[in-house]
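Below: the structure, in structure tokens.
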Amino acid sequence: MRFVRTVRFWGGALLPGALLLGGCTGTPTAGGPPMGIEPGGQVGTSAEVDLAGVGDPYFPNYGNGGYDVAHYDLKIKFDPASGRLDGTATVRATATVPLDRFHLDLIGLDVAQATVDGAPAKVARDGDELVLTPAAHLDSGREFTTVVTYGGRPAESPERDAEHNGFYVSRSGAVAVGEPQSAASWFPVNDHPRDKARYTIEITAPKTVSALSNGVLKSRREQGDQVVWQWSVTSPMASYLATIVVGDYRITQAEHKGRPVVNAIAASVPVGEADRNLARTTEVCDFLEGYFGPYPFDAYGGIVVGDSRVDAELENQTRPIYLPGTWADGPNTSILAHELAHQWFGDSVSVDSWRDIWLNEGFATYAEWLWDEHEGGRTVQERYDRYYRDRRDRMWRVPTADPGRDGIFSSSVYERGAMTLHALRKLIGDERFFTVMRTWTAEQRDGNATTAEFVALAERVAARPLSAFLQPWLYGKTRP
């Protein structure tokens, strides 16, 4: 993600789409293991597991406990004229503890009915929590299928600021985008990166618009004055990376290395720089492959949206979203390098906790530096030196690997995170450093990871202790 504005909170939680520019505005979280947190499993019963959250140290109410989702099958119908969305979500999951009830996240939308394994389930609402009680008890380890029929105007929510709930509705379409949450604004979901799943996303919309999403376009079929677009996501995806974009877009399709390439640009964006820059997507991916290993997904692409309220680019899996003003002042492939690097760091290898978001943003920022050097801009070392000379910058007072809840999009995570990687590279040398990067993406592919695991890998590849060196870079509050 690239960010442009100040953070906002609602009810003590970071809003979907709420982003922070510069340093954090709160106090970094203290304590915790010196090198991050380890992923934990769920044990016990539903009475002992927090069903309304996964236990993220920054956002304890995000996601839900007690089950693991394997697949979402979403059938969405969106009407731009009314702004109404109607959907049926089929969620295949496995209980990780005995369950008499379980939760899904859903913002604002009304639920018509729900079933679990074909039998009607009791439905209750607790704010943004959808509480389902199945007709029969679910034993731990049991696979079960939940079907929820729902609808409404996604921009209207009694619990959230309507402008920042992750779903932007305009007179001509819609855009679903936001980090660290957005999925719950348009479908019932376990809304935390820790529960990645595969997706089938089917969008029905009028013939006058296009309907885009993640992954591979499997079919496009007409039904009267409507068109049904079906997209398939075959690699596990964190929920905040799921998107639907509906509107008037010029779409180009191609193939690269046997994979489909789908780029879309809002018709309101003038033909020119956006088209020329987005066309370099696969070139940038090929460059990044040389440093980080094989591209991890089965599709490429990008979407330039036309809604000016969307104020941050986001690395939506296989199809990053870019802003209409990204290329207003001329060529800019740096943003491509950043968002496409996230396909490895953040999308394929996802955080186990939002505390470790530097594993996404610091790595993507470093990739951006590598690309800029390749393109004849400043060298990586010059960028490192420039930031290191600034003794006053707030990033030195906010720990990179524990920036606090309202610092997850701060310069400590982005620039200091990239500097941490370059400092490691200078210490262990290019060969070992890039071996670490390629091994990381290979061993953690499609999973979730922590800072502690990255440090352990670096020590294994470098064949030397590194914790003492990395501690001040990752957790210190002064310039190393």
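Could you please state, rounded to a whole Å, how far the C-alpha centre of segment 114-141 is from the C-alpha centre of segment 367-415?
If we compute the Cα centre of each part, the gap is 45 Å.
Between Asp73 and Thr435, 0.36 nm times their residue separation minus their Cα-Cα distance comes to what?
Full extension of this stretch gives 126.6 nm more.
Only Cα pairs under 8 Å and at least 6 apart count here; give the relative contact order of the chain as a rounded whole percent.
That works out to 16 percent.
In deg cm²/dmol and to the nearest 500, what is the mean residue ellipticity at 222 nm of the chain if only DSSP H runs of at least 4 residues count, each as -39500 (n - 2.57), divided by the residue total? Before the final figure, lay out each step's value.
On the way: 9 runs with 106 residues, N = 480.
After summing the helix terms and dividing by residue count, I get -7000 deg cm²/dmol.
State, as an integer percentage, the relative contact order of segment 287-335 based on alpha-carbon contacts under 8 Å between residues 6 or more apart.
Reported relative contact order: 30 percent.
Among DSSP bridges having both ends in the chain, what percentage is antiparallel? Round to the nearest 5.
80 percent
For segment 214-282, divide the Cα radius of gyration by the Kirkwood radius and give the resulting Rg/Rh value with two decimals.
Rg divided by Rh gives 0.98.
Hey, could you pull the Cα Rg and Dmax for segment 166-322, both in Å?
Expressed in Å, the Cα Rg and Dmax of segment 166-322 come to 15.0, 48.
Hey, any idea what % of the chain's accessible area is carbon plus sulfur with a 1.4 Å probe?
Working: 8340 of 17320 Å².
Of the solvent-accessible surface of the chain, carbon and sulfur hold 48 percent.
Under a point-charge model restricted to the Cβ atoms of Lys and Arg (+1) and Asp and Glu (-1), what is the dipole moment magnitude of segment 294-382 relative to its Cα centre, in debye to the nearest 20?
140 debye
Under 14 Å from the Cβ of Glu315, count the other residues' Cβ atoms, weight Lys and Arg +1, Asp and Glu -1, and hand me the total.
Combined, the nearby Lys, Arg, Asp and Glu give -4.
Would you rank Lys196, Lys122, Lys257 by solvent-accessible area, highest first, keeping every protein chain in place and using a 1.4 Å probe?
Lys122, Lys257, Lys196
Assign one of three labels to segment 77-148, namely rounded, prolate or oblate, based on the Cα gyration tensor with a ≥ b ≥ c the square roots of its eigenvalues; rounded applies when a/c is under 1.5, prolate when it is not and a/b is larger than b/c, and oblate otherwise. It would help to have the intermediate numbers written out before the result.
Numbers: a/c = 2.48, a/b = 2.01, b/c = 1.23.
Prolate is the answer for segment 77-148, as a/c is 1.5 or above and a/b outweighs b/c.
Dividing the alpha-carbon Rg of segment 287-360 by 2.2 N^0.38 Å yields what?
With N residues counted in segment 287-360, Rg over 2.2 N^0.38 Å equals 1.16.
Take the alpha-carbon centre of segment 271-337, take the same for segment 49-85, and report the distance between them in whole Å.
About 26 Å separates the Cα centre of segment 271-337 from the one of segment 49-85.
Could you do me a favour and compute the accessible area per residue for the chain, 1.4 Å probe, result in Å²?
Roughly 36 Å² per residue, with all protein chains present.
Go through Lys75/Lys257; Lys75/Lys207; Lys77/Lys207; Lys257/Lys426; Lys218/Lys257; Lys75/Lys218 and tell me which ones have a Cα-Cα distance over 22 Å in this structure.
With Cα atoms farther than 22 Å apart: Lys75/Lys257; Lys257/Lys426.
Express in nm, to one decimal, how much length is gained between Arg386 and Ser308 on full extension, taking 0.36 nm for each residue of separation and deducting their alpha carbon distance.
Additional length available on full extension: 24.9 nm.
Please state the charge dipole magnitude for the chain, taken about the Cα centre, from unit charges on C-beta atoms (+1 on K and R, -1 on D and E), reported in debye and rounded to the nearest 20.
640 debye
Please compute the contact order of segment 191-312 in relative form: average sequence separation of alpha-carbon pairs under 8 Å and at least six residues apart, divided by the residue count, as a percent.
Relative contact order here is 23 percent.
Going from most exposed to least, what order do Asp191, Asp128, Asp390 have by accessible area with a 1.4 Å probe? Walk me through the intermediate numbers first.
Numbers: Asp191 0, Asp128 30, Asp390 55 Å².
I get Asp390, Asp128, Asp191, largest accessible area first.
In nm, what is the difference between 0.36 nm times the number of residues separating Ala135 and Ala119 and their Cα-Cα distance?
Using 0.36 nm per residue and subtracting the Cα-Cα distance, I get 5.1 nm.
The values are calculated or read from the model by the stated rules, or taken from the named source; none is laboratory data. For clarity, every value in this text was computed on a predicted model and none was experimentally measured. So basically every Cβ, Gly included, is an ideal-geometry build from the backbone, and we count neighbours across all protein chains shown. Only protein heavy atoms, including side chains, enter the accessible area calculation; ligands, DNA and RNA are left aside. Shrake-Rupley method; radii C 1.70, N 1.55, O 1.52, S 1.80 Å.
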